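All of the numbers you see were taken from the coordinates with simple rules; none came from a lab. None of these values were measured; they are calculated from a predicted model. Every residue, glycine among them, receives a Cβ derived from its backbone with ideal geometry; neighbour counts consider all protein chains shown.
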């Protein structure tokens, strides 16, 4: 089934709809995960994300999938 073909193409199949229905509660319980970057000294156009911040985001994401 194709929905809104003139705006964007979205195709649904039974397997995907079934998976969404079965995992709906888990999907809505996912929380917003913020990843903050900091400017790199001496390079005004460059920002970096610390490894500690990435590790924390990874842990939060994995926890939200349980």
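Could you sort the peptides 32-42, 48-58 by per-residue average Cβ neighbour count (10 Å cutoff), highest mean leading?
Numbers: 32-42: 9.6, 48-58: 11.6.
Those peptides, ordered most packed to least, come out 48-58, 32-42.
Set the Förster radius R0 to 22 Å, insert the Cβ-Cβ distance between residue 24 and residue 58 as r into 1/(1 + (r/R0)^6), and round the FRET efficiency to 0.05.
Values: r = 24 Å, r/R0 = 1.09.
Once the sixth-power term is evaluated, E becomes 0.35.
Multiply the residue gap between residue 36 and residue 66 by 0.36 nm, knock off their C-alpha separation, and tell me the result in nm, one decimal place.
Details: separation 30, 0.36 × 30 = 10.80 nm, distance 2.41 nm.
Length gained between residue 36 and residue 66: 8.4 nm.
Determine, from the Cβ-Cβ distance of residue 51 and residue 17 and an R0 of 25 Å, the FRET efficiency 1/(1 + (r/R0)^6), rounded to the nearest 0.05. It would help to have the intermediate numbers written out before the result.
Working: r = 39 Å, r/R0 = 1.54.
It comes out at approximately 0.05.
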